[in-house]
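We did not get these values from a lab; they are worked out from the coordinates using the rules stated. Just so it is clear, the structure is predicted and the values come from calculations on it, not from any experiment. All Cβ positions, glycine included, derive from the backbone under ideal geometry; neighbour counts span all protein chains shown.
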Amino acid sequence: MKDDTPTAARSSANDALARIRPTWVEIDLAAFDRNIDAILRRLPEGSRLIAVLKADGYGHGAVELARRCKPDRVAMIAVAQLEEAMELRSAGISLPIIVLGPLESAQIPVAAQNEIVIGVTGPEVLQRVCSFDGELHIALKLDSGMGRMGLMESELRRTAEMIRATPRLHVDAIYTHFANSGDPRDGFTATQNASFDAMVQTMRAAGINARLHRANSGATMRGLVNPGEDVRVGIALYGAEALDVGNSRLEPLMRWRTEIARLKRLPAGHAVGYGETFHTTRDSDIATLPVGYADGYNRLLSNRGHVLVHGRRAPVVGRVSMDLVTIDVTDIERVAVGDEVVLLGSQGGETINAEEIASLIGTISYEVFCNVSARVPRVYRQGERVTVHSRFTS
Ligand SMILES: *Cc1c(COP(=O)(O)O)cnc(C)c1O
């Protein structure tokens, strides 16, 4: 592979890697670019991509990913909270940003000043944006059946009246959110579509017209996108599976790696870890890894999870501690202190993906990603170019 990274930049990246703990997640920025392209290829005429980068880009790092979102390919960035939007603005991100979550009155001027589109999630937020004395861009969230956020059918008439009475408000979009679009056998998405279409008609009849967006990753990967409507895609951008059954996975961006810190041979019958939940049944090579549940390696993976060593699976044995994990490498040859261990991602020909970890602990890939804590440095790779982000160093 051609490396156009200046030698000084490369060696300073290596210095940075040498200074941080050997546990980090690598984020493949080129794969992010390719995932954006793969999603764009699925969109019908006139549809645009809104990249969902809430929760620090599902744990991947919102700022670095936002920098990759070029205006010719990504129309807008969506986050959940104003603080998340402000983090992006402070980092110099100039793309349009929408805050999906509810805003408090005192947050409205901050959003206005920073050209952030406010998701109007209900009558309370509508009241707050109408009371604001200045120009504002908003997007109306309609509840098409999820029963969570959004304006209800019964609230639409009053909504339209308030908007018409407040010319300072610009309605950039009307949107809704699907509850079950990841299930290809579901019928609820069609129900929600019909309900949303009817509500949009009501708004049009009341003089409120705007672009629409409704599809999340599941609906987008199922091809349920109307021409000219935008899509809000999160999980598919990160290369995790968007469907409950089927294979629509793009390229995973995250690879979580560590190194063996301590390796010891224990005799048969020896306890490992808190609570003595594991005892060796033979002479065993037990390796200790400098990573734990405080880093987001879930404690429910105790005696259940696997990691990769030399491209082979090794079981987690004993309890996951706050800062340490123990694995059994007896069946893997020539293992040594300092060898790379992969907790999530690929090594050699083997892969442990977020869905595998999620199913072991009864959750979804989203939570596996989000749980990788701020204590774990993020190392961004694009070819040979490496950037290290750690909360402990600048
Ligand atoms: C999180 C979120 C999305 C993205 O969902 P994915 O399943 O990750 O694609 C889209 N819209 C809203 C309102 C969301 O909260």
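Data table
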| quantity | calculated |
| --- | --- |
| Footprinting exposure proxy for Asp230, Asp186, Asp331 (fewest neighbouring C-beta atoms within 10 Å first) | Asp331, Asp186, Asp230 |
| Exposed GluC sites (Glu not before Pro) absent - longest run of the chain, DSSP non-H/G/I/E/B, at most 15 other C-beta within 10 Å | 136-332 |
| Extent along principal axes [Cα atoms of segment 260-319; Å; largest to smallest] | 30, 29, 19 |
| Hits among aspartates and glutamates - C-alpha to C-alpha of Lys141 under 18 Å, sequence gap 8 or more where chains match | Glu104, Glu124, Glu153, Glu155, Glu161, Asp172, Asp197, Glu229, Asp230 |
| Computed over segment 40-178, Kirkwood Rh from alpha-carbon pairs, angstrom | 15.6 |
| Translational diffusion coefficient (Stokes-Einstein; Kirkwood radius from C-alpha pairs) of segment 253-292 at 10 °C, 1.306 mPa s, in µm²/s | 137 |
| Aspartates and glutamates with Cα under 14 Å of Lys54, excluding same-chain neighbours fewer than 8 positions away | Glu64, Glu83, Glu84, Glu87, Glu367 |
| Cα radius of gyration and Dmax for the chain (Å) | 23.8, 79 |
| Estimated [θ] at 222 nm from DSSP helical runs (n ≥ 4, -39500 (n - 2.57)) normalised by residues in the chain, nearest 500 | -8000 deg cm²/dmol |
| Isotropically averaged projected area of segment 164-316, using the convex hull of Cα atoms (one quarter of hull area), nm² | 14.9 |
| Residue range of the chain that is longest and free of trypsin sites (Lys or Arg not before Pro) which are both DSSP loop and sparsely packed (at most 11 other C-beta within 10 Å) | 3-147 |
| Computed lengthening from Arg299 to Thr387, 0.36 nm per intervening residue step minus Cα-Cα distance | 28.7 nm |
| Sparse-neighbour loop sites [chymotrypsin sites (Phe, Trp or Tyr not before Pro); segment 297-394; at most 16 other C-beta within 10 Å; DSSP] | Phe392 |
| Values of log10 I(q)/I(0), in the order q = 0.09, 0.20 Å⁻¹, for segment 100-247 under a Debye, Cα-only, solvent-free model | -0.29, -1.20 |
